[in-house]
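What follows is a set of notes on a single structure, which appears directly below.
The values are calculated or read from the model by the stated rules, or taken from the named source; none is laboratory data. Computed from a predicted model, the values in this text were never measured in an experiment. Cβ atoms come from the backbone with ideal geometry, glycine included; neighbour counts cover every protein chain shown. Calculation scope for accessible area: heavy atoms of the full protein, side chains included, ligands and nucleic acids excluded. Shrake-Rupley method; radii C 1.70, N 1.55, O 1.52, S 1.80 Å.
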Amino acid sequence: MVTGDDVQRFALSLPRTEERWVKDRVKFKVGRFVYATLSPDEKSMGFGFPKEERAALVAAEPYKFHMPATRDLRYNWVRVWLAEIDEAEMRELVLDAWRMCVSKAQRTDYDRSIESGQAG
């Protein structure tokens with residue numbers, strides 16, 4: 001099972017990521033774009049995901065993924081229960097969400113650092 005600490009550790013390893021507390025939630029962002037959040041109880045994580053694809057994702061694995069709150073439906077956003085994923089899947093979801101917030105050059109730089117063994 002993935003914990004909030006696991007999410008935090010990985011998200012903060014990604015370039016340009018800032019951690020911000022807004023009310024009772026921690027948010028991970030690049031500039032003004034939030035790409036991941038933890039629920040106050042750290043049982044679920046919201047993350048950037050193409051809104052055109054989220055209904056299919058939720059329908060395919062409803063025990064794992066769920067729709068965002070009604071107020072967040074306008075955003076590229078979906079949620080996942082942390083107890084239903086392992087660390088590898090969490091890293092993939094967070095990394096893909098981060099990639100939605102950064103430039104192509106920043107994605108390329110990160111990929112090069114991974115290939116050379118210099119990134120988290």
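Worth a mention:
- In region 21-40, the residue that is nearest to Ala88 (Cα to Cα) out of those that are of a type in the set (D, E, K, R) and in contact (Cβ under 8 Å) with a residue 12 or more places away in the chain is Lys29.
- For region 3-19, the criterion of being open to solvent by less than 40 Å² (accessible area, probe 1.4 Å), under 29 Å from Tyr110 (Cα atoms) and touching a His at 6+ places or on another chain (Cβ under 9 Å) is met by none of the residues.
- Residue count, region 58-85 (criterion: touching a Pro at 6+ places or on another chain (Cβ under 9 Å) and surrounded by fewer than 16 Cβ atoms within 10 Å (Cβ to Cβ)): 1
- Scanning region 1-31 for residues that are assigned to a strand (DSSP E or B) and either closer than 15 Å to Val102 by Cβ or out of contact with any Phe, Trp or Tyr (no Cβ under 7 Å at 6 or more places or on another chain) (or both) turns up Thr17, Glu18, Arg20, Trp21, Val22, Arg25, Val26, Lys27, Phe28, Lys29, Val30.
- Filter result for Leu93 (touching a residue at least 12 places away in the same chain (Cβ under 8 Å), of a type outside the set (D, E, K, R), assigned to a helix (DSSP H, G or I) and surrounded by fewer than 19 Cβ atoms within 10 Å (Cβ to Cβ)): no
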